[in-house]
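Read the structure below first, then the notes.
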Amino acid sequence: MMQTLYDKLWSQHVVHAESDDPNSMTLIYIDRHLVHEVTSPQAFESLRLAGRKPWRLNSILAVADHNVPTTDRSHGIHDPVSRLQVDTLDQNCDELGITEFKMNDMRQGIVHVIGPEQGATLPGMTVVCGDSHTSTHGAFGCLAFGIGTSEVEHVLATQCLLMKKSKTMQISVEGELGRGITAKDIALAIIGEIGTAGGTGYAIEFTGSAIRALSMEGRMTLCNMAIEAGARAGMVAVDDTTINYIKGRPFAPQDELWDKAVAYWRTLHSDADAVFDRTVKLDAVQIKPQVTWGTSPEMVTTIDGSVPDPSHIADEVKRHDMEQALNYMGLRPNTPIQQIMLDKIFIGSCTNSRIEDLRAAAQIVNGKHIAANIKQALVVPGSGLVKKQAEQEGLDQVFLAAGFEWREPGCSMCLAMNDDRLTAGERCASTSNRNFEGRQGPGGRTHLVSPAMAAAAAIAGHFVDVREIQQQS
Amino acid sequence: MNKFHTFTGLVAPLDRANVDTDAIIPKQFLKSIKRSGFGQNLFDEWRYLDHGERGMDSSKRVLNSEFVLNQARYSGVEILLARANFGCGSSREHAPWSLQDFGFRVIIAPSFADIFFNNCFKIGLLPIILDSGTVDYLFDEVKSIDGYRLTVDLHNQLITTAKNEVFNFAVDAFRKHCLLNGLDEIGLTLQHAEKIRQFEQKRRNEQPWLFA
């Protein structure tokens, strides 16, 4: 029988099924468990109280990313509450013998950046983490999804999870992307199309020539945002791009094991005639730079668009939501997107903090300076190794000369659990993944864009069409 | 986990779609390393007019009198009536913890985000999906009738109104079994420990690079 990639990954991991009914709860084996400091302390505590031990230590890789400062770390973490959470992770890992990249380790970074960077994320794996953006790792042809703290404990104790099989959705993007259009624009265009609940209950596979042409960084950006479309998992089939990325990374197999692994990984794609429960098609040529205007990622339009007008919306609940969003965002209906003035710029997060993202942003700002109305522009690399690579390429100097701040790696202003945040009313062009109320700080106003678009907005002080900037240069 | 018993509880309406887990419990409260005490900061940015931080005495904070849960008629609420895609966004289990800590035992919505939905069952909070027509009807009722209550019977998968209207709801048999009996899922899974070990050994033989 023809199988989708998801079907293959699922059937490879079934330990026990209560019945033949495909909708019954199934015990699924977990290959890789990534752990961070925010969603794990209660799981470790419960595990300890129950007198249990982690089932398989070498499946676990831990890192603190949400609470860590992105400024000088030589004096530790200033906020005692953040410090306690990071210390708790350190203690749990030390006590149990779990591999952890501590705050001052060069390999520390955002959990969804370091997993792939280290080769700890491999095709064919099940990858979980107490973090919804675990979908990122699906870029490698693995089944990766976010879990809650009770499930973190469950995986620690049993190396398994009880779950139901998802429906499958294929999102096919055919054709060639226009110049200046990135994976972030594809992701936001998809969410604009199917909505933030469009993927609920589904595992999404991204297919088509535009996806095949994406780098691993681009595929990670896309799969990262699958959760913003409501899908717990997003994935891309394995190809040469995947295999070339993994080769030589610290946790990747070597020598004869490498060959054996690659032979298996080559089978990780949907069969030609596999049937998906739902298929969505996008034309790559039609995708323009995207900018969100509201408080949900589906509230998105194109750079040549305008803020929508609630009075044109017939559905009462939708109109009400739109009015609430515009009120929170401090935006008037029908305002052209390019007239929206900004206060802050954030380039970072598990969506867009990899080397390719920093290169794209640096290319735009090179030789220019941020506009006078921009109070702060942050670049937060996704990991210590991304930071080092960028510095070797001189990108830090490009950003610093342009008036950006060059920070230490972490989640930073994506969710503002550390000191990096918006104050009430501040408006930010952000390369992160969520524009929810208060996400980047209480009262803060977030517009989601690609790194190139955020960089261009920093220079102009308002949103501009990155395609026009690139034509000039 | 406590056993889920049939109960009749007061209902409060939260009339907006796509309520995300950042709204349910803002990030500054996730720094706790405990599971309890989140209820006072449930919907913090909507519930209070001042900015909340951990450790503040919530009895001294400025309440937003317009927010639904601050209205006297909803004091003692146990059932939340919500709109589509409730619980979207972050996987934080702190969201169901805070709803439960506040006193909620059931959430009714036309749809839920996957991770949130799953997280609720793990702690004995019951998310119920009803069709949007029924949810619209319940919104009208709860807004117009003071002290509007519903009876939730998980065993028979029924919701009953004071007027004796009855709505059926679906729930996964395994999850229902766990809720009704207050079972520990980890304990249940460990009953399959031998099977897990066999699976793992086979996997180790076939794909040894996964175990390096």
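Computed from the coordinates by the stated procedures, all read-outs in this text should not be read as laboratory data. All figures in this text were calculated on a predicted structure; none of them were measured in a lab. Cβ: placed from backbone, ideal geometry, glycine included. Neighbour counts: every protein chain shown.
Per-structure values
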read-out	value
Cα point-scatterer Debye curve for the range A:422-473, base-10 log of I(q)/I(0) at q = 0.21, 0.24, 0.29 Å⁻¹	-0.71, -0.84, -1.05
Of the trypsin sites (Lys or Arg not before Pro) in the range A:415-445, those whose Cβ has at most 11 other Cβ within 10 Å and which sit in DSSP loop	none
From phi via Karplus (6.51, -1.76, 1.60), per-residue ³J(HN,Hα) for the range A:239-254 in Hz, x at Gly/Pro	8, 4, 4, 5, 5, 5, 5, 6, 3, x, 6, x, 8, 7, x, 10
Tail fraction, Cα-Cα pairs, the range A:253-379, threshold 24 Å, whole percent	57 percent
Pairs of Cα atoms farther than 24 Å apart, the range A:6-162, %	33 percent
Structure-based [θ]222 nm, chain A - -39500 (n - 2.57) summed over DSSP H runs of at least 4, per residue, nearest 500	-9500 deg cm²/dmol
Rounded to whole Hz, the Karplus (6.51, -1.76, 1.60) HN-Hα couplings of the range A:413-423, x for glycine and proline	7, 5, 10, 6, 8, 9, 7, 7, 7, 8, 9
Spatial separation of Cα centroids for the range B:194-212 and the range A:344-361, in angstrom	38 Å
Difference of contour (0.36 nm per residue) and Cα-Cα distance, A:Lys375 to A:Arg48	113.1 nm
Residue-averaged [θ]222 nm for chain B, counting only DSSP H segments that reach four residues, each worth -39500 (n - 2.57)	-9000 deg cm²/dmol
Spatial separation of Cα centroids for the range A:149-227 and the range B:137-151, in angstrom	39 Å
The range A:319-423 - convex hull of alpha carbons, volume per residue in Å³	125 Å³
Shape call, the range B:1-94: gyration tensor on alpha carbons, a/c limit 1.5	rounded
Coil-residue GluC sites (Glu not before Pro) of the range B:130-212, DSSP, other Cβ within 10 Å capped at 15	B:Glu165
The range A:223-323: proportion of alpha-carbon pairs further apart than 25 angstrom, %	50 percent
Alpha-carbon Rg with Dmax, taken over the range A:294-343, Å	10.6, 33
Diffusion constant of the range A:152-274 at 37 °C, which comes from Stokes-Einstein with the Kirkwood Cα-pair radius and 0.692 mPa s, µm²/s	204 µm²/s
Directionally averaged projected area (convex hull, Cα atoms, the range A:265-311), nm²	6.5 nm²
Those trypsin sites (Lys or Arg not before Pro) in the range B:149-208 that DSSP places in a loop and that have at most 13 other beta carbons within 10 Å	B:Lys163
Dmax and Rg, reported as Rg then Dmax, of chain A (C-alpha, Å)	21.5, 65
Ratio Rg/Rh [Cα only; Rh per Kirkwood] for the range A:103-177	1.03
Rounded, prolate or oblate (a/c below 1.5 giving rounded, otherwise prolate when a/b exceeds b/c) for the range A:92-131 by Cα gyration tensor	oblate
Within chain A, longest stretch free of exposed GluC sites (Glu not before Pro) [DSSP loop, at most 16 other beta carbons within 10 Å]	A:177-392
Shape category assigned to the range B:42-177 from the gyration tensor of Cα positions, a/c cut at 1.5	oblate
